Amino acid sequence: MFRPHLATNDGLLFVEETESRLNSSIHMFFMNFDIAVIWADASKKVVDVQLARRWPPFYFPARPATYILELHPSRLGDFSIADQLEFLND
């Protein structure tokens, strides 16, 4: 929030304690740009992919999710439902 833009290779990963549609929802209040949102379940399988626009204010995944990945909108096509995610530590 409150950032002027998001670099193409930047993003945020949020991890919820449990799988949920409600707890993994996002809001777009105070956002100055659109974002790609990728939701994944506890096994890191993608359950939803959406382009979140500055408005409307709320987005919910189609199925319960534990992981919420927010990226530059150009990255939306890099992910599909049922993809298996892997997170690596650098």
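The values are calculated or read from the model by the stated rules, or taken from the named source; none is laboratory data. These numbers were taken from a predicted model, which means no experiment stands behind them. For neighbour counting, all protein chains shown are included, and Cβ atoms are generated from backbone atoms with ideal geometry for every residue, glycine included. Accessible surface is based on the protein model in full, side chains and every heavy atom, while ligands, DNA and RNA are left aside. Shrake-Rupley method; radii C 1.70, N 1.55, O 1.52, S 1.80 Å.
Among residues of region 69-90 that are part of a strand (DSSP E or B), those with a Cβ under 6 angstrom from a residue that is open to solvent by 50 Å² or more (accessible area, probe 1.4 Å), sequence gap 6+ or separate chain, pair up as LEU69/LEU13; GLU70/LEU12; GLN84/LYS45. Residue check, TYR59 against (1) in contact with a strand residue (DSSP E or B) (Cβ under 6 Å, 6 or more places away or on another chain); (2) of a type in the set (Phe, Trp, Tyr); (3) open to solvent by 40 Å² or more (accessible area, probe 1.4 Å), all met but one. Which one? Condition (3) is where TYR59 drops out. Determine whether ASN23 is open to solvent by 60 Å² or more (accessible area, probe 1.4 Å) and modelled with pLDDT of 95 or more. It is true that ASN23 is open to solvent by 60 Å² or more (accessible area, probe 1.4 Å) and modelled with pLDDT of 95 or more. Just one of (1) open to solvent by 80 Å² or more (accessible area, probe 1.4 Å); (2) free of Cβ contacts under 8 Å to residues at least 40 places away in the same chain fails for ASN9. It is (2).
When LEU12 is tested against (1) at pLDDT below 95; (2) touching a His at 6+ places or on another chain (Cβ under 7 Å); (3) part of a strand (DSSP E or B), just one condition goes unmet, and that condition is (2). Among all residues of region 34-52, there is at least one that is surrounded by fewer than 16 Cβ atoms within 10 Å (Cβ to Cβ), without any contact (Cβ under 8 Å) to a residue 40 or more places away in the chain and in contact with a helix residue (DSSP H, G or I) (Cβ under 9 Å, 6 or more places away or on another chain).
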